[in-house]
1. Do you know the relative contact order of the chain, to the nearest whole percent, from alpha carbon pairs under 8 angstrom that are 6+ apart?
2. Restricting to DSSP H runs of at least four residues, report the calculated mean residue ellipticity at 222 nm for the chain, -39500 (n - 2.57) per run over all residues, nearest 500 deg cm²/dmol.
3. When only C-alpha pairs under 8 Å and at least 6 residues apart count, what is the relative contact order of region 190-255, in percent?
4. Sort out for me the Cα centre separation of region 113-149 from region 442-494, rounded to whole Å.
5. With a cap of 11 neighbouring Cβ atoms within 10 Å, and only residues DSSP puts in a loop, list the chymotrypsin sites (Phe, Trp or Tyr not before Pro) found in region 438-547.
6. Taking the simple approach of a point 7 Å from Cα along Cα-to-Cβ for both Gln588 and Met443, what is their distance in nm?
7. Please report, in debye to the nearest 20, how large the charge dipole of the chain is about its Cα centre when each Lys and Arg carries +1 at its beta carbon and each Asp and Glu carries -1 there.
8. Skip the ligands, DNA and RNA, and give the accessible area per residue of the chain with a 1.4 Å probe, whole Å².
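The values are calculated or read from the model by the stated rules, or taken from the named source; none is laboratory data. Just so it is clear, the model here is predicted, and its values are computed rather than measured. Cβ coordinates were reconstructed from backbone atoms using ideal geometry, including for glycine residues, and neighbour counts include every protein chain displayed. To get the accessible areas, we keep the full protein, side chains included, count just its heavy atoms, and leave off ligands, DNA and RNA. Shrake-Rupley method; radii C 1.70, N 1.55, O 1.52, S 1.80 Å.
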Amino acid sequence: MLANYGFFLIFLCFICSVYGFLSAILAAFWRHKRLYVSSKLALTVTCVSVVAAAALMVYAFYQRDYSVAYVYKNSSNDLPALFTLTAFWSSLEGSHTLWTSFLAIVGTLAVWTSSKDNEHIMPYVSASFQAVLAWMFYLAITHSDPFVANLPAPPNGRGMNELLQNFYMAIHPPLLFAGYTLLGVPFAYAIAALCYGDITEGWLKTTRRWTLAAFCFLTAGITLGGRWAYVELGWAGYWAWDPVENSSFMPWLLATALLHSLLVQEKLGHLKRLTIVLGIGAFFMSYVGTFLTRSGVVSSVHSFAESPIGPNYLYYLAGMVLISSGIYAFRAPSILPSDTEKVWGVSKESALVLTQFLLLSFAAIIFIGTMFPIVSEAVTGQRISVQAPYFNMFAPWIGLGVILGIAVGNLMRFQTDKMPHGKKIILGAIVFAIPVTMFLIYMGDVMATKKTSSLIAQLIGLYLASWAIGCLIGDLYFKMGDLKFNFSLFFDRNLAYFGGWVAHIGMMIAIIGFLGNYRGMEERVTVKAGENFSFFGYRFEFGAEGIQLKQVENATHYEAHLKIFREKDNVMIEDAHPAQSRYPTKDQIFNEIAITGNIWHDIYVVLVDFDKATGKRVTFQVNINPTVRFVWGAVMLMVLGGLIALFDKYRGNRSRDVVAGAWEVNP
């Protein structure tokens, strides 16, 4: 019965979204306000209905209603309460429903909270959203129905994927899907601007704020995905250039490029068409990731098994490219150029364009490396794998360009090659970076790096990142000094600048953290109960009791008691318990990692194997991961910077354009 109600709601959503799309298109052509209101109401009904369907699915999980096939496949009687909720989006049908729900919510918020500045383009915005929603609901009905019946209902389910029974998987997918759906607003506004034929300041204000929100969610979501891989998979890393990881990174790169393009457009009125292309491209890339995840064409711990929904996503991507390109080809010439002629020279806008070039080049490099194995297999029948060395060959040079762009670009000013206080700031930063780099080298044990080329890369990277931080600090100091350190006035007028400043500081700290990957160390040792071993200035003592069994929620842990001491002062820093776990629904062993350390490095311990008969002999793998905590902290700063900029009112209040007569024909 519940399955029937759920399917009815999904089908109702499909009907409403189709009607909403058609009525919005007619409202745009006929300039009919009541027809547009009808479209908004249809979108609202869609939103309420799909949220109700999602709530029904969550209810089915908590009721252990195995008469619903999706619940049966992804839940079991032993599943803890938190993971009973996250099981909703742990597989294909549920994650599709979650994404569609978010898309309906964001679309509804976008059309009901629009300002009068954008009234003239809102039918196009509504039509764009509801066209996407109609396709998503079509897929839900035909290929990804979460409410398929499973009768008679069995007494227990198959259980949730054990790797996903992790706290970070309760947060990572919703944040990532929220970021993807928020990119739908710049996409819809880009299509609307093309259809209308121009971009106003109101358009800029709205697009910028929704893009900032998407940036924050994507940054947090991608990082939490990396954190999940770090604590769950046992390979001591957080980023492997996995195809699905790449597919979430590409929308982030395009969204970041879009933010920089919006800044140039707001200040000077240039790059209108590039902004539109980036708005469409960022949303398109989010669906590329969905295709890779759901089609089964890539092998990844993140991807689902091969499914009929994969080819349908490919058709959708092709349709999006054709329709968007067609609209752009016919309507882009109508986008009015800036009122002022621009000669591109050495200036802040040139630095922003260069930054966009770096971001888009990196996105293109990642796209080629991710898609090449798929294309090669389709053309030749043989898959040519592209591994991490390909991406790592380009990443340092892109990083170098980003450092220089952030350091020097922030000192520049618009429409001039002059840099107020620039010479003083740059020279001061050169001096500032020397002790900072020496401190990072000493505290981070950089000189322990064995490979000479890796050591040189770290020394250069640490110095340049420290120099860039010095430039940013100097720029902030002189900007505040220009206002006589009137903090209230500064933050009232420069909240967007300060948000960007915090995000850029976060990016530099992240680069310092990434450089730690060059000097990670590992040791694999086998010891008996009561024995100890030393590594990297630490002593590890394996308990005399050997392996102990412990029940943790629905998992049985085979746990090793490992005391970790700092050798120089014999102080115990951690009572660690690395383990292997087994779940009742699957006869397979999973790793439970023990992680400790300090801000300069993580001590990462994996219980690789143990004597199953006595539990008195074990094999540990210990990794020392330098500056990995810099990465987690840096991302928090980047998200904080985005949130600060999101609440900038001074910039938003500059919009004064209101297009009159949006509904002059048919009120």
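1. Details: 1181 pairs, mean separation 88.3, N = 667.
The normalised contact order for the chain reaches 13 percent.
2. On the way: 20 runs with 401 residues, N = 667.
Taken over the chain, the calculation gives -20500 deg cm²/dmol.
3. Values: 22 pairs, mean separation 20.0, N = 66.
It rounds to 30 percent for region 190-255.
4. Using only Cα atoms, the two centres lie 44 Å from each other.
5. Numbers: sites: Phe439, Tyr442, Tyr463, Trp467, Tyr477, Phe478, Phe485, Phe487, Phe490, Phe491, Tyr497, Phe498, Trp501, Phe514, Tyr518, Phe533, Phe535, Phe536, Tyr538, Phe540, Phe542; in loops: Phe485, Phe536.
Qualifying residues, ordered by number: Phe485.
6. In this crude spin-label approximation the distance works out to 4.1 nm.
7. Details: 47 positive and 42 negative charges, 291 e Å.
Rounded to the nearest 20 debye, it is 1400 debye.
8. Details: 28560 Å² over 667 residues.
With the other protein chains kept in place, the chain gives 43 Å² per residue.
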